[in-house]
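The values are calculated or read from the model by the stated rules, or taken from the named source; none is laboratory data. From a predicted model like this one, the values you see are computed outputs, not experimental measurements. Every residue, glycine as well, gets a Cβ built from its backbone with ideal geometry; the counts of neighbours run over all protein chains shown.
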Number of protein chains: 4
Amino acid sequence: MAAIVADTAYLQAMLDTEAALARAQTRAGLVPADHADAIVRACRASRFDIDELGRKAAAAGNPVVPLVEQLREAVGDAAAEHVHAGATSQDILDTATMLIARQALTAIVGDIDTAGDAAARLASGHRRTVMAGRTLLQQALPTTFGAKAAGWLSGLDDAAELLGSLRDRRLAVQLGGGAGTLASLHPHGPKVVALLAEELGLAASTVPWHTNRSRIGELAGALGVAAGALAKPARDVTLLAQAEVGEVREGVAGRGGSSAMPHKRNPVAAIATLANTAQVPGLVATVLAAAAGHEHERAAGGWHAEWHPLRELFVSVGSAAAWLGDCLVHLEVDPTRMRANIGADLEQYLEPAPFLASTGDIVTAAVRRHAARREGPSREDPA
Amino acid sequence: MAAIVADTAYLQAMLDTEAALARAQTRAGLVPADHADAIVRACRASRFDIDELGRKAAAAGNPVVPLVEQLREAVGDAAAEHVHAGATSQDILDTATMLIARQALTAIVGDIDTAGDAAARLASGHRRTVMAGRTLLQQALPTTFGAKAAGWLSGLDDAAELLGSLRDRRLAVQLGGGAGTLASLHPHGPKVVALLAEELGLAASTVPWHTNRSRIGELAGALGVAAGALAKPARDVTLLAQAEVGEVREGVAGRGGSSAMPHKRNPVAAIATLANTAQVPGLVATVLAAAAGHEHERAAGGWHAEWHPLRELFVSVGSAAAWLGDCLVHLEVDPTRMRANIGADLEQYLEPAPFLASTGDIVTAAVRRHAARREGPSREDPA
Amino acid sequence: MAAIVADTAYLQAMLDTEAALARAQTRAGLVPADHADAIVRACRASRFDIDELGRKAAAAGNPVVPLVEQLREAVGDAAAEHVHAGATSQDILDTATMLIARQALTAIVGDIDTAGDAAARLASGHRRTVMAGRTLLQQALPTTFGAKAAGWLSGLDDAAELLGSLRDRRLAVQLGGGAGTLASLHPHGPKVVALLAEELGLAASTVPWHTNRSRIGELAGALGVAAGALAKPARDVTLLAQAEVGEVREGVAGRGGSSAMPHKRNPVAAIATLANTAQVPGLVATVLAAAAGHEHERAAGGWHAEWHPLRELFVSVGSAAAWLGDCLVHLEVDPTRMRANIGADLEQYLEPAPFLASTGDIVTAAVRRHAARREGPSREDPA
Amino acid sequence: MAAIVADTAYLQAMLDTEAALARAQTRAGLVPADHADAIVRACRASRFDIDELGRKAAAAGNPVVPLVEQLREAVGDAAAEHVHAGATSQDILDTATMLIARQALTAIVGDIDTAGDAAARLASGHRRTVMAGRTLLQQALPTTFGAKAAGWLSGLDDAAELLGSLRDRRLAVQLGGGAGTLASLHPHGPKVVALLAEELGLAASTVPWHTNRSRIGELAGALGVAAGALAKPARDVTLLAQAEVGEVREGVAGRGGSSAMPHKRNPVAAIATLANTAQVPGLVATVLAAAAGHEHERAAGGWHAEWHPLRELFVSVGSAAAWLGDCLVHLEVDPTRMRANIGADLEQYLEPAPFLASTGDIVTAAVRRHAARREGPSREDPA
């Protein structure tokens, strides 16, 4: 995830957008093909000095201003006028953000699915592993570890579905020009928008969304939901791994030691999941709050305030998903201890045990849904 | 909105759930029809002492415990055993929350649509009203007030669509019993879930979602997106209404006076919109954070922490939507001042004025989408 | 706490401010004594129709506009000109908020101290009660329950000290008039500010703080710190009360039952504490974010956005403090179970047991500090 | 600020803590001087491979575990047993965080003071520069630009004072050992704590604060208050710099250009200030929320969740302070435009103009306080 949201990845995504814009305008008959070719050739991140761009970005207020300047120099005088034609800084940066979002969401969904696969295996494998069901941290009624894992799976599938759906439906190119009017491309604006979208495999939006941040807000909200779905199993693992409970333990040898207490085996992956998901609600609030500050045709601060928390959201949720996958894939379950921990108050419910059959239905439903989703229509990154 | 989320409304929604549960079990052949009838008859909020329930709820940890007790007394000994059969407190409260959410979302979507209708009228009516486009609070390039209103409209339609879609797809009954196993209804659990869903016009969920709070998180996230869409036009109105700009003013006479400065006319509705939407990001964060704390089969605090912010979200977003509708419906626009404010730097772009045609396309697109959505398949509350 | 922050309490606090303003101006020689007396007599909340004020407040944008109107009517023509003289709506509402804050902080500090007293008793009484020290939810090294309670106490004393100090140092009158210039009181402005402060027992601020929200932000931040200090013991109680741990239980009979599982005894007070403290971080964020939106001489939304979350903060932290006091005062501790739970890995540290002496020092330090604070200079509400 | 909170800075701060711990134990007679010397000599960040530490930290759950391992290797067998003696990972990381906090706060206070100095100059220099006072974004009554700048200054001084006071009073060493009992240092624990505090110039805390996060919460809250104080002048600058208002402009040539609109001069520094401060409320909420999750003697996630947002807070507030200083130091003020913008409704208040004298008093009070604070007892970093 660090690589997907690295400065160079953003730079390349901005260059990809400039390149696609040139190609789209060639297809629309606005830019000679050889000029577009020159632009496309120049749009390689390795040709740019990212530190210098950063310094100039601070003075300009955003990184696109110096990038366009250097890109124009790189393509030569003839093609220079077609670089960035009809676009404004926010067009490039918003579209680049959508490209980054597509990669990040694909990676995150992949990691959530890894965790989900593990949860599905745990659910199926422990369909008849009896344990205490606990509510308000008190023993309540018996359940199975399979049912617990099915509950985890259900949340993970909700999250993967939501993120996958957003990725496939809501990522769109941004193209509006200086004040979002598409004036300088007139009358070709809508056509260039459509071709740019086609070039990049994103949706087209006839109405520029410079100051309508619904897409960004939905993205943040969905990452917030995913964080909750990732945190839930991690929280349960830390509780089940307590010495006094001892029903699961993280299965990676040599991990989780202590600087002062060598006998300890800390649930490091679950804890790392929780530490990452804990970052998310505040970041979502920051993104949502920024949406209110998009004054007039482009924000004086509200737009700029989105960049960092969005990147942080990808990193936090991505890291959490990777850690939870690691945790669940290696989770060691102790059915004997689970049975032994069941308190006297619950014994009456163990024979007969209708919960075994009823939770079996729950496990089946959750696992089938997961399997269907995993084998469903490909959601691979179309780019 | 205050009425929709009032204590009595929650009480009635809990009673509606208990009544529907009894009816569903009758249809499943588990409860004699006359007992279900007795339960249904007793499920009227006016028969209960809400203050006493509140006091007992504090001792029990939730309001369902004393409610069920009183309901059992009310129906007489014979039917008492069928009250709340197979259910746990969270089943009732979560389902009731979904019923409240349906009403609240319908009201909010209605108020957003009122604001959207007004924005659509402004967009169409001012399709050729030239004004300065402003980015980073500086004059950038000319645009039209129609295009600005089309941008507002676009955000409002995104929000209404998102909330309407959630309402129609994601509100589900909760039924799992004590530890979410459906054991005490076995083997009729899934059937009762389906019938309960039918009774209440909600979706069925085979896997109980006691600790999978995706539905709640999506709801909160969507309300967060809506808050941003509502705040954006309100922010613009406050800026356009500045004395030095003077391009719009709120059109309700006698409103917005000052205790010390009688000459003032404050944009009260826009300000109230902003004050309400400002509550939202923090509340969304609270709901999302709570999702991480749903330990085991039911949370020790995380669930309880959701109730209040969810209600507050409905109130804040609902109030904001009502205020923005009021603001936009009565907005007075001053095209002469808009034209006069255009600075010298922008004059060069006024003749010829491709932006007039290109923003016309944007207005058309936004208004058509709004009209299509408004005339689309009915999204009325199915209950 | 509900009473302290009720609408009528805010109304009375606004009236107290108007009354004190009249008295202060009489002392400054600006208002005849009999007119001030008439104003003071009229400033009783019971004389006002709070619902009507609410409706008119919506139209005016704040409640002070209609309040002043009605107050002027109530005092008669002669005194009417001296009502609200030199003040603006924000002066009255901000000062009233400070008066409410003083009462709320006093109540909250009182409830934190009740919890602290109980923690101190637990710390002293269990100074030699050996139990497992747990880190990352794993058994780490032995400690004592006294040391754990001393840790709780330390956080509670930090919180009480911080809130008490803010109450005594940072609550100030607001008086600046229409644009915060004190012009209409010139040259008596600073003197009236000082006298108003004296009348109300608040600090004076020569520089109006209409748009400098440090006081409000510090208040919110301190309440956020208090929420953390209250949540920590509650979290520990829920964990220690787990059936598999069983080292404490809440001691109020007949509380914490379940609608489906009569054998359960849920730690209701600890859970209510956690549900309340969970509201706080998001509310603090809302208050802090509002501070950035205080444009020019008075905010268009940012100020209005503060009112609700501040009140909610008082209620959430106040409720949490009351619930935690209840929890700790009645906490039942099981030293036998604590000893029995200590795992084999920790046995080596039990004989000799330097931790008994070293944690004894910690207990002593924490309890002494608490006692000193409790017997220190009176922090009673000076009004 | 990036350097102050860089990974290497944290590494060095951890090493400084280990070195000071060795020296403190030598002074307490627990460690031979030559062994402490060996440890001190080894504690140089440049001797460690920070990437490798990072990888091993992920496996161990925190960076101290591998650091201590490598440090022990570096000092040789004889001194190895005295490395990290009596300490636990959290002791080192929390103390290191305090060292970083001291440097970060000193830098932030310095930058706030630079902004404050500029605000004080603006206040004094424009003591009689008449302009429209604006409330709710409407012209209200006349004021002076001096009074406005005095209001900014007042907030900046509040923030600097609060942060400086926290730095001087609330930064403390952490030393408790494995379960916070100080057992392995018994009976020298309190003495070693005191000596360690002396070595590092931090406060001593007899009661370990592993799970009492008041210090961290207060720090976050104070940074949140500072963000509000920094955002307020930045917001005003963006509003005053609007073309239609034109009363100020950022004075750095060649900055704030647009990729599409060369005539623009965007208030880049003010916007960067706002983009940075907008990050803060969400981060404060994250830190405060983490405090509730410090289970038992050390958190399973709650502690780990603090590290990142605390660092982000330093960066965001530090960057905002630097940008605002830049903005205010170079601010160009246009008194003629200010006078010209005053609307007809306000003319009646201009002659006579008591506000000139009354705001003069406000300016004097704010500037005097600033001067006194700047010349007050040195608050320099004592280390």
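Just to check your reading of the model, which residue among B:117, B:157 is of a type in the set (Asp, Glu) and away from chain A (no Cβ under 11 Å)? Result: B:117 is the single residue among B:117, B:157 that is of a type in the set (Asp, Glu) and away from chain A (no Cβ under 11 Å). For residue D:254, the conditions (1) away from chain C (no Cβ under 11 Å); (2) touching a residue at least 24 places away in the same chain (Cβ under 8 Å); (3) surrounded by fewer than 24 Cβ atoms within 10 Å (Cβ to Cβ) all hold with the exception of (2). Return a yes/no flag: does the stretch C:43-50 have any residue that is of a type in the set (A, V, I, L, M), crowded, with 21+ Cβ neighbours inside 10 Å and either in a helix (DSSP H, G or I) or modelled with pLDDT of 95 or more (or both). Scanning the stretch C:43-50 turns up no residue that is of a type in the set (A, V, I, L, M), crowded, with 21+ Cβ neighbours inside 10 Å and either in a helix (DSSP H, G or I) or modelled with pLDDT of 95 or more (or both). Please indicate, with yes or no, whether at least one residue in the stretch C:171-189 is of a type outside the set (Gly, Ala, Ser), under 24 Å from residue C:321 (Cβ atoms) and more than 9 Å from chain D (Cβ to nearest Cβ). Yes: one or more hits.
Would you mind stating whether residue D:283 is out of contact with any Pro (no Cβ under 8 Å at 6 or more places or on another chain) and within 21 Å of residue D:232 (Cβ to Cβ)? No; evaluated as a whole, the condition is false for this residue. Only one of the numbered conditions (1) more than 13 Å from chain D (Cβ to nearest Cβ); (2) closer than 29 Å to residue C:220 by Cβ; (3) more than 13 Å from the chain's Cα centre (by Cα) is violated by residue C:109, and that is (3). Screening residue A:233 against (1) more than 7 Å from every other protein chain (Cβ to nearest Cβ); (2) more than 30 Å from residue A:57 (Cα to Cα); (3) touching a His at 6+ places or on another chain (Cβ under 8 Å) leaves a single unmet condition, (3).
Let's see how each residue does on (1) at pLDDT 95 or above; (2) touching a Lys or Arg at 6+ places or on another chain (Cβ under 7 Å); (3) among the aliphatic types (A, V, I, L, M):
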site: A:82; (1), (2), (3): yes, no, no
site: A:102; (1), (2), (3): yes, yes, no
site: A:107; (1), (2), (3): yes, no, yes
site: A:145; (1), (2), (3): yes, no, no
site: A:150; (1), (2), (3): yes, no, yes
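Scanning the stretch D:1-56 for residues that are over 26 Å from residue D:311 (Cβ atoms), touching a Leu at 6+ places or on another chain (Cβ under 9 Å) and among the charged types (D, E, K, R) yields a count of 2.
Exactly one residue out of B:194, B:149 is among the aliphatic types (A, V, I, L, M), in a helix (DSSP H, G or I), more than 11 Å from chain A (Cβ to nearest Cβ) and surrounded by 23 or more Cβ atoms within 10 Å (Cβ to Cβ): that is B:149.
Specify the residue that is surrounded by the fewest Cβ atoms within 10 Å (Cβ to Cβ); the eligible residues are those in the stretch D:303-313 that are closer than 21 Å to residue D:91 by Cβ and more than 9 Å from chain A (Cβ to nearest Cβ). Checking each candidate, the answer is D:311. Scanning the stretch D:204-228 for residues that are outside any helix (DSSP H, G or I) and over 16 Å from residue D:292 (Cβ atoms), we see that the one that is farthest from the other protein chains (Cβ to nearest Cβ) is D:204.
You will find that of C:78, C:57, C:74, the residue that is in contact with a Pro (Cβ under 6 Å, 6 or more places away or on another chain) and either part of a helix (DSSP H, G or I) or assigned by TED's automatic domain parsing to the domain that holds residue C:16 (or both) is C:57 and no other. Residue check: residue D:93 meets all listed conditions (1) outside the structural domain of residue D:164 (by TED's automatic domain parsing); (2) touching a residue at least 24 places away in the same chain (Cβ under 8 Å) but one, namely (1). Evaluation of residue B:300 against the conditions (1) touching a residue at least 12 places away in the same chain (Cβ under 8 Å); (2) buried (at least 22 other Cβ atoms within 10 Å of the Cβ) shows that the sole unmet condition is (1). For the stretch A:314-327, the tally of residues that are crowded, with 24+ Cβ neighbours inside 10 Å, of a type in the set (A, V, I, L, M) and farther than 17 Å from residue D:61 by Cα stands at 1.
Within the stretch D:23-37, being surrounded by 16 or more Cβ atoms within 10 Å (Cβ to Cβ) and either under 34 Å from the mean Cα position of the chain (by Cα) or in a loop (DSSP other than H, G, I, E, B) (or both) holds for D:23, D:24, D:25, D:26, D:27, D:28, D:30, D:31, D:36, D:37. Do you know which of the residues in the stretch C:269-294 that are over 16 Å from the mean Cα position of the chain (by Cα) and among the β-branched types (Val, Ile, Thr) is farthest from residue A:301 (Cα to Cα)? Selected residue: C:271.
The set of residues in the stretch C:350-379 that are in contact (Cβ under 8 Å) with a residue 12 or more places away in the chain, within 13 Å of chain D (Cβ to nearest Cβ) and touching a helix residue (DSSP H, G or I) at 6+ places or on another chain (Cβ under 7 Å) comprises C:355, C:359, C:362, C:363, C:366, C:367, C:369, C:370.
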